[in-house]
Amino acid sequence: RAESQLNEVNKALNKERQQLLALLSSMGEAVVATDSQGRVILLNRMMEEWTAWPRERVHGRALDEVCQLLDARTGQAITNLLGDVLSGQENGGLPSQTLLVGRHGQERFVSCVMAPILNEDGESLETISKPLKGCDSFAER
């Protein structure tokens, strides 16, 4: 009986997960989600295009590896992007002139919003990052 109930719960959770993946994958905006350690757990189609990382190869990789970001004014890498977000301190964002560098070197200006996914106790479980806009030049923004 307990095994049957466990199987039903697992089926329900899997169905919810598949629905969430379908929703995020079909969005016209780029989305990446990480676990509480900053490892990628989901990358939708748009973000896959922007980063040139196949979705099936990013699971478990560090966000900084998949989404390489540069301050366009200084050329400096933007790292530890999720520090405040993962600690649940605040919603994060990028400097106003940020470049997302794809796996093959292609560059795109982006602006982004990040937010923690909290459990019922207010603890950060995961984060979700959604670049608000991507363009080929800063003037397009």
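For this structure, a couple of remarks:
- Sequence-distant residues sharing a close amide H with Thr98 (under 5 Å, placed H): Ala72, Val110
- Net length gained if the chain between Ala2 and Gln106 were fully extended (0.36 nm per residue, minus Cα distance): 32.2 nm
- Computed over the Cα atoms of region 1-62, pair by distinct pair, the Kirkwood hydrodynamic radius stands at 12.9 angstrom.
- Shown in residue order for region 41-52 are the 3J(HN,Hα) couplings computed by the Karplus curve 6.51 cos²θ - 1.76 cosθ + 1.60 at θ = phi - 60°: 10, 7, 9, 7, 4, 5, 5, 4, 5, 5, 9, 6 Hz (x for Gly and Pro).
Read the figures in this text as sums done on the coordinates, not as results from a lab. Only a predicted model underlies this, so the values are computations on that prediction, with no experimental measurement involved.
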